[in-house]
1. Out of all the residues in the range A:76-97, is one or more surrounded by fewer than 20 Cβ atoms within 10 Å (Cβ to Cβ), in a helix (DSSP H, G or I) and within 11 Å of another protein chain (Cβ to nearest Cβ)?
2. Which one of these does residue A:79 not meet: (1) farther than 23 Å from residue B:102 by Cα; (2) more than 16 Å from ligand 2 (Cβ to nearest atom)?
3. Quick one: would you say residue A:150 is buried (at least 21 other Cβ atoms within 10 Å of the Cβ), under 22 Å from residue A:33 (Cβ atoms) and in contact with a strand residue (DSSP E or B) (Cβ under 8 Å, 6 or more places away or on another chain)?
4. Scan the range A:11-39 for residues that are within 14 Å of another protein chain (Cβ to nearest Cβ), in a strand (DSSP E or B) and either more than 16 Å from ligand 2 (Cβ to nearest atom) or in contact with a strand residue (DSSP E or B) (Cβ under 9 Å, 6 or more places away or on another chain) (or both) and report the count.
5. Take residue A:33 and decide whether it is at positive phi, within 16 Å of ligand 1 (Cβ to nearest atom) and at pLDDT 95 or above.
6. Which condition does residue A:42 not pass, out of (1) touching a helix residue (DSSP H, G or I) at 6+ places or on another chain (Cβ under 6 Å); (2) away from chain B (no Cβ under 14 Å); (3) within 13 Å of ligand 1 (Cβ to nearest atom), if it passes all the others?
7. I'd like to verify a number: residues in the range B:135-183 that are within 19 Å of residue B:234 (Cβ to Cβ) and without any contact (Cβ under 8 Å) to a residue 40 or more places away in the chain, how many?
Ligand SMILES: Nc1ncnc2c1ncn2[C@@H]1O[C@H](COP(=O)(O)OP(=O)(O)OP(=O)(O)O)[C@@H](O)[C@H]1O
Ligand SMILES: [Mg+2]
């Protein structure tokens, strides 16, 4: 059975509908990604699932428990890494972990042992007794991720985990997420980093304006919407109007943006003779196709 | 209204840890002022004041100062400090993603505020005792009264905080509510000089019953007004505690 079930979830802020009647099922042990542009409603979905924001309509079950009736029990098994840094600035690094452990009613000795493990894991041993304001942005982020692991959660929920991390730290975090998955920890992750989604998510949901546009594996989405490759024609080196009429006469599906034409076709014969180069289609292409290229306000 | 659970203790512990980490900056400053006021007014002004029954002025104001600074301790804690945790540091956002709920946070903050009242009351009382200003052993009950009134003042302050749109609005809370009480609740002078109507109205100010109780215990003199005072303190405590559970939930769930 699915470990997280959301049925007909809606979240309204006064007039604004941030999440519009979505349903999701997340299987135990999978890494599920929510992908969508700014303001799509990802954080709102996550805040409802983590019981910090009341749902306007709809139901959520986590491990078979109705979230409305058992918020404490559900929160006890979740590890939440929020989008916005909310470390306790009045406490030191290790105190942050120990105090958080206390909120989960974890025994002192266990909490201490785990805190040291987490500091080691997140390469923060040297900052053990530092104040939070003495940490760099990336270190804070690492501590925030570590803090989310303090209760050895069965499900971890990450809202943009790799924001502000350098490539080394990002790979370290991905590595850790893979390890946790191998241990059977379910992950719900929201991200705008396509590489992250493609690398670590088993399935992703593309969210747009509070709705789910599609759910599939990253490869599945690419195959479905993009085919295997994209033919790119740079308009700097060719004459725009003639190339466009050529594409139209060949009845090819294409899209033009920022001086580049993308031709979507799996049929090599149709592309033959066109200027440009082929490249593999990515999740990012799917993202643009499904959510549009213009900035959402 | 939803109930709070024993988990409120986690918030209390968190605040205690922070307090003892920073006590030299927070705690010491908070205690110097009442001592200065006690000595300056008590000894300086006291030399020019004749009270009925030949009581020394410093003995008269000592229990009032205990009551007033217990009020200040709880009020600062549950206004500026709580607001800062709520809106600047997002401490509560982080906590609400753990098994604690809004009611636990609210109760934890109120009981911590009351603890600050208790600590302040005890320290001033101890200093007054060291100066041999405490005439009656009944004064040993004052910390209990001060802790209870701490619950009342913390609840009132946190209630205000739960509605405060910005940190600047606390100026109103202090200049229009706390300071007038400090001056007009019988801390520095008995209210007997005021018209009857003012005396009656002063019972509305929550500091009045606290000052009456601490003063009675300090002197070891009991009168029926003290029971009424206790009743009023309990009444306001329960009322504001319950309302604040509701308004804090509104404030913190979006
Ligand atoms: N507390 C709030 N009050 C009012 N509106 C809100 C609130 N939180 C979010 N919204 C609105 O809900 C919509 C969805 O926001 P949400 O934070 O869920 O988006 P998101 O997908 O997480 O975006 P981002 O990628 O920028 O983090 C936005 O239009 C936002 O303005
Ligand atoms: Mg977000």
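The values are calculated or read from the model by the stated rules, or taken from the named source; none is laboratory data. Keep in mind that what you see is a predicted model, and the values were worked out from it rather than measured. Because the Cβ atoms are built from the backbone with ideal geometry, glycine has one as well, and the counts that use them run over all protein chains shown.
1. Yes: the range A:76-97 contains one or more residues that are surrounded by fewer than 20 Cβ atoms within 10 Å (Cβ to Cβ), in a helix (DSSP H, G or I) and within 11 Å of another protein chain (Cβ to nearest Cβ).
2. It fails just one condition, (1).
3. Details: buried (at least 21 other Cβ atoms within 10 Å of the Cβ): yes; under 22 Å from residue A:33 (Cβ atoms): no; in contact with a strand residue (DSSP E or B) (Cβ under 8 Å, 6 or more places away or on another chain): yes.
No, not satisfied.
4. Looking only at the range A:11-39, we keep the residues that are within 14 Å of another protein chain (Cβ to nearest Cβ), and these are A:11-14, A:16, A:18-19.
Restricting the remaining residues to those that are in a strand (DSSP E or B) gives A:11-13, A:16, A:18-19.
Going one step further and asking which of them are either more than 16 Å from ligand 2 (Cβ to nearest atom) or in contact with a strand residue (DSSP E or B) (Cβ under 9 Å, 6 or more places away or on another chain) (or both), we end up with A:11-12, A:18-19.
Result for the range A:11-39: 4.
5. Details: at positive phi: no; within 16 Å of ligand 1 (Cβ to nearest atom): yes; at pLDDT 95 or above: yes.
No; evaluated as a whole, the condition is false for this residue.
6. Only one criterion is unmet by residue A:42, namely (1).
7. Keep residues of the range B:135-183 that are within 19 Å of residue B:234 (Cβ to Cβ), which gives B:141-159, B:181.
Filter again for without any contact (Cβ under 8 Å) to a residue 40 or more places away in the chain, leaving B:143-144, B:147.
Of the residues in the range B:135-183, 3 are within 19 Å of residue B:234 (Cβ to Cβ) and without any contact (Cβ under 8 Å) to a residue 40 or more places away in the chain.
Yes or no, residue by residue, for (1) under 30 Å from residue A:62 (Cα atoms); (2) without any contact (Cβ under 8 Å) to a residue 40 or more places away in the chain:
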| residue | (1), (2) |
| --- | --- |
| A:184 | yes, no |
| A:229 | no, no |
| A:239 | no, yes |
| A:248 | no, yes |
| A:275 | no, no |
